[in-house]
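One structure below.
The values are calculated or read from the model by the stated rules, or taken from the named source; none is laboratory data. These figures come from a predicted structure and were not determined experimentally. Please note: Cβ atoms are built from the backbone with ideal geometry, for glycine as well, and neighbour counts cover all protein chains shown.
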Amino acid sequence: GRLGGSASPSLSLPPPLLLAPMERLGDAHFRGAIQHAITHIRGPDEMCTEFMRVPEKSSNFESAALALARSYDALELAKRDDDDRATDAATGTPLAFQIMGGDAEKLAHVARLLASPKKLAAAARIDEAEASPPPPRIDLNCGCPANLVTGKGAGSSLLRTPDVLH
């Protein structure tokens, strides 16, 4: 597959190139600029949204989770026609959705919501046929070392308790 490597041990393919941006640096404009600038060389095999915090202390968690789901646009990196309308998402760079948090149950709930076209349509309050396709992958941020993040049990602190992630 595109990200799965070679099915034949004799065929040597380069490793997949994934772009997972840092907070406040990797927004939609950044991803578009990167895609445009390096596609003629070798564009990324997949890009990722900047991380979306899964709220842990929210008076209405379901509403916050639905707001996260509504923020995802699978067609963000799709090829565009002359009127700048997105064409088929399969012709563009796949866009994974990155989430961050310290509550495993809430992270799993948001991941299930994002993986379901029916739930995404309900979240966006639109017909399922008009909904954004689900992300090709849900990326769990386990790399952020910032004290503000790790102090809340998120980011790289998740690696201290891999049994919770499993």
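General observations
- Any hit, region 60-69, residues being touching a helix residue (DSSP H, G or I) at 6+ places or on another chain (Cβ under 8 Å) and at pLDDT below 70: no
- In region 86-108, of all residues being at pLDDT below 85, surrounded by fewer than 18 Cβ atoms within 10 Å (Cβ to Cβ) and in a helix (DSSP H, G or I), the one that is nearest to the chain's Cα centre (by Cα) corresponds to Ala90.
- Counted residues, region 122-164 - those being at pLDDT below 75 and assigned to a helix (DSSP H, G or I): 4
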